[in-house]
């Protein structure tokens, strides 16, 4: 009975001791947990090695360089709620694209929200801003490899081709433009994605090809100063005067040549006429001398009158 009482006294004391020890241990342990922040991960397609800039409300909130394959991904920490973000790229030549705006992006608290398949537009540049009708202009730029670039001239598509691994594209416009101001822009299309926004719009001026006097401008007014037009008119007049002078000189030479030819013909004819007259005169004198000699012979020989008549008749025949 005494032993049983001792056990009853000791057991509650042991229970009290273990409970007290457990309470102390529980009070000393600290539970640590990692709570995720609110963020958005932007990913998509751009020109190889292009710098992609992410903005919100006019402020830059992040940048990332695209890979050599033309893809990019960037995680941005933000606040929960609705957001409007915009992105643009700057290619390796320093040319930037217009903004691609993504509206009403809802970010959940303590979650990362993916914003994927962003298709940034191509960059664009012109080789010249002014040309004459008949000349060409080269349009070039960069975009995401694997996307198709569509080039528009005055609102009409004139070229489309898939962009290669370099991300560079180029097209030479040789026709289809108009006299005056022309505009070009481009966008990208890709299987499974929406077309990108349009690139920057560029313009070039085409002047009418002409020669001689100064050409009028495409807008109807003169783009050159009066001094330039005056000099051009003087040059044209001088050219015309030279042409007229050369024509008169040619006519003068032809006339002189004809006169010389006529003079030569006249001299030849005159010489022939004089020669013929001299020959006739010599024959006449010779005939008279022969007649005189025959008459003297006939008279000396007392020839009859009939013989004298024959001598005169022969002389007439000779003349």
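The values are calculated or read from the model by the stated rules, or taken from the named source; none is laboratory data. Keep in mind it's a predicted model, so treat the numbers as computed, not measured. Neighbour counts are summed over all protein chains in view; Cβ atoms, including those assigned to glycine, are modelled from backbone coordinates with ideal geometry.
Determine if segment 289-298 includes at least one residue that is modelled with pLDDT under 70, surrounded by 12 or more Cβ atoms within 10 Å (Cβ to Cβ) and not in a loop (DSSP other than H, G, I, E, B).
No, because not a single residue in segment 289-298 is modelled with pLDDT under 70, surrounded by 12 or more Cβ atoms within 10 Å (Cβ to Cβ) and not in a loop (DSSP other than H, G, I, E, B).
Residues are listed down the side, and each one gets a yes or a no for (1) crowded, with 21+ Cβ neighbours inside 10 Å; (2) assigned to a strand (DSSP E or B):
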site	(1), (2)
117	no, yes
131	no, yes
146	no, no
152	no, yes
169	yes, yes
175	no, no
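Within segment 96-105, does at least one residue satisfy the condition of being on the phi > 0 side of the Ramachandran plot and touching a strand residue (DSSP E or B) at 6+ places or on another chain (Cβ under 7 Å)?
Yes: segment 96-105 contains one or more residues that are on the phi > 0 side of the Ramachandran plot and touching a strand residue (DSSP E or B) at 6+ places or on another chain (Cβ under 7 Å).
Between 87, 82, which is over 27 Å from the mean Cα position of the chain (by Cα) and surrounded by 18 or more Cβ atoms within 10 Å (Cβ to Cβ)?
Only one candidate passes the filter, namely 87.
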